[in-house]
1. Over segment 519-611, what number does the Rg to Rh ratio reach, with both radii from the alpha-carbon atoms and Rh per Kirkwood?
2. I'd like the accessible area for LYS487, computed on protein heavy atoms only with a 1.4 Å probe and all protein chains in place. Round to 10 Å², please.
3. What is the gain in length, in nm to one decimal, between ASP708 and LYS29 on full extension, counting 0.36 nm per residue of separation less the C-alpha to C-alpha distance?
4. Output the relative contact order of segment 40-198, whole-number percent, from Cα pairs under 8 angstrom with separation of 6+ residues.
5. If you find the alpha carbon centre of segment 571-648 and of segment 113-151, how far apart are they in angstrom?
6. Over all directions, the average projected area of the alpha-carbon convex hull for segment 1-97 comes to how many nm²?
7. What accessible area per residue, rounded to a whole number of Å², is obtained for segment 535-600 using a probe radius of 1.4 Å?
8. Which sequence of MET284, MET304 reflects their accessible areas, 1.4 Å probe, from the largest down?
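The values are calculated or read from the model by the stated rules, or taken from the named source; none is laboratory data. This is a predicted model, so every value here is computed, not measured. Because the Cβ atoms are built from the backbone with ideal geometry, glycine has one as well, and the counts that use them run over all protein chains shown. Heavy atoms of the whole protein, side chains included, go into the accessibility calculation; ligands, DNA and RNA do not. Shrake-Rupley method; radii C 1.70, N 1.55, O 1.52, S 1.80 Å.
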Amino acid sequence: MANKSGNSDITERKIRPVYEAIDNGNYKKAVQMAEKLLSSKQKQPQLMQMAHVAKGVALFRSGKLSDALEEVSQVTTEVIVDEMVIQGLIVFYKDAKPDEIPKILEKAVAVSKGSERLEFMNKLFLAYARTEDYKKQQQAAMNLYRSDGKRSTYWWAVFSNVLQAYYSTDKNLSKKMFLPLAEKMMQKMIGDGGLHTEAEILLYVMILRMSDKISEALKVVHCQVPEIEGDLLIHRDFLKIEMLQEANSHAELNSCLKAYLRKRCDDWRNFNLYLDSVFNLIDMEWKPKDNNEAEIMPDYTIDMATEFICSLLENGGSSGANCSRGPYLAQMEIKKRHKMRTQGKEVQSCGNAECNICLVLMLHTQTMYIPETFNTLLKEYFARFGNKGCCFQEMTLHFDQAESQEELISSLEETLRANESSYIDLIIDGKNSDLKPSHVCNRFICVATLKNYAGCYRNLSFNEKLKTAQQLIGYHGKGLSLGKELKSSELQYTDDFCVLACHLLLDLSKDTDDGNDIWHIILVLESALKASPHNPQMRIILIILYCKIGAFEPAHKIFNNLSIKYIQHDTLGYLMTSNAHRLGHFKTARSIYEAEEKFFLVSRRECVDQKLQAYKYGNFTKITEFIDFEKRLQNSLQLWTMKYYKFYLDVIHKSSSCDEALSFLKYPPNGDILLSENFLNQLIDGRDVRIIRLWDKLEPNRLQSEADWSMQLEILHLKYLSVNLQLLGDVIELSQKVSNDSDAQSVVSHLRTSLTNFIDESKTLYQRVVDHPGFKCLWRWHGPPQTRWNSIIDGGLDRLLLDIASVLLKLICPSKVVFMDRTLIEDLNFFLYKETNENVGVEISKIGQTFADGLQRYNLCNENAKCFNGHNLEPNVLLVELAIDLENFKLLITSVQSACDDVVQNLVTIKDNFLVQNLGHLKISFNLQTKEQALEENSDLSDLWLKTYKSNESDMLKNVRDSYQVSIQELLSVAKLKHNIAKTLSL
């Protein structure tokens, strides 16, 4: 035994450096170190097995799954009982192929004995839990319980039945078999010794709730919870509320919520549930029974509910800093619901005092204890809570019910002018230190945002909207004096003035279609960000605007400063991943994809580990949450978009020959290049497209539609990438298989099938995109990112790809004699490369999502100097991998070579222009004549406007210039690489 332990220590010491290299990301070095161990003269079985496993892990982490599986298979052919080897295999297979772990442990359990067998049985259960094989999981748990007799393993078996019911597609089977079995097992254990812990009680409650036995579950909560010490007692109220809601026990729910709201009257979610229960009782015509012994009488009329709300107002205090907002909001909410339910109804009694119909109508229209108008209630709410940052959001819940929105806005403005117009000046001068700057600024900001919400700015003229934006910028600049004592990590009190002003300026940019507007807005935000460097809204707007003008580097720098963590990679990562490749930063794009993909891999691994820990500690209520979250990560649209973009970059940008391209195509992310419809339909969109705070009531509804459209078009683009890469792989692979006439005939047959499938799928795909409402939609700056379909379809790439495939298909005929259509070749040349006039210098169309486009010259100033502008910079790739041994194909090859020559020459010209141009010396104009006309009455604002140029213009333009240079340099590198490939094409 001592010798075995000594050998294990030696093996661990020798294998540790390999895993350290893997942890550091040095996979090539790890493979070399493992091979060195395998080639050593001392053939220790344990060390050899560990070396094979370590090498497999390194190969898998470097993206070579098939090689990794082949390496590890040299170990798994035998029955493994060594603890270290099994642990190494678990480390490998839990990411590469989790289904293999139970097979290894099943063999180990079959041949082991004693305590070692119990350990392997425990690992086997957790392996089934990892792979979510609930049936075998339940069997393994029962076998383990029979061997060790522990209560914890018995609960594993019970919960395995619960999971089978929870995730079963046959709900009838769940109700009749899995849940009754789980309940019977619970009752058996209750009879033997009762429920001892919080986890056991919650498991029993979960089973009863899933079985629709709410009354029994409530009894368990009432009877068992007081006997248990812990957090469950705190959450008992939440459990009761949830179960009463499920059971539609509106009277009991109402009483329970009344008791809860007396303690926590600011819980708006439960306040809404309370009002729901009141109106449900009214609809049911519910009345208390004569022998009703309820401790708290339910409120079953509007008058009773209103009286309860008024009592909360009295108990919660009607003034002071700790005044509760919930009852004030509830006043408006019950009034709004009452108004909506009785709108357009006239109550006419039939004269019968006992008429049920008339009684119900009277209940709906009875006199209330809230006679004030909505305008009065909203003004009172603003007077009490206008100094809080949440006031705007809460007032918009009922703002639409105001009898006169214009009158309300005017009244609020008069209040500010009468009471607070000079507050900011007083604070700045130090004459009134009692006023809190944040409170004063919040009230001004609330009114300004309410005006935007009400549409007061929407119909303003250009000059009026420009002047309003300047006034808001003036408020922001003046308020910066109030935040001198704030820490750098704290936001300035008047930041929202600047953000709202930028919203208005972006609306102007949309109306005028003037690209210079965006440059000025960037300058305004850069200036504001220096005073408030951690403002997330300013940062995200800057990221969007920099990408809009094609400058990715400054956007990437700002994004890194956001320091996003954990699930934010899924919700916010699209801000970078949707732009990096599109704007020509291929190296940065690949590093971003690798970092984001690493997050998903690590998060999924941690999620599984947390799930297994929940089993060990009996936290069953969290296990389903971990399972659902794991599925969300596994099926994330963001994850698979990144995987395929990274795969695409490897194939297109890193391959200098057909052989290299084929070597990359052997390792598709999903195991198969072509993505199936079933797989695409399972993808989940976790992107947070509402990250920009909106103050317009018309925007949120449309934003949801755009989010749905964006996801659908992104899925179609994934399909598009997979279809094109599939064809590229088929063409290269089949062209290399031609060795004799018989092989040639077989290759031609397969190629004809592949081309036919490509043409059919592409036509269907393009038609789906063209018919999609999102394709014709005008995407807004603050919504989801615009998809690449507009560049593909409007640029003619769809027709070009189909034309090339059709040419190839025509060339593949029995006679092998096909004359090229000169018109078709000229048409292809037109799409391969075209020059336009005036603003556009060069635009390269694409072949197979491979040609770079959007290279433009654009006048940034009123001078005669011109320089490159990335406003429409969407470089993709320049690749021609059509090496097919076919007759009469020389003309097409010649045209491709000519196009590549032109592309490289024009990119070199643009790059050389950057060397002699200094973007920092340029001056950006922003409709100066119009601006001066709009601001001639206020010289202070005009001076403030111009200051933003002097302080930030040169730095911003330098960053943009550097970003453009990187784009051109990387695009030129790719073009030269593909130019060399084109030279090798021949018959």
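1. Using Cα coordinates only, the ratio equals 1.04.
2. Roughly 140 Å² of LYS487 is accessible to a 1.4 Å probe.
3. Extra length available between ASP708 and LYS29 comes to 239.9 nm.
4. Answer for segment 40-198 is 12 percent.
5. Their Cα centres are 30 Å away from one another.
6. 5.9
7. Spelled out: the 1.4 Å probe surface of segment 535-600, per residue, equals 33 Å².
8. MET284, MET304
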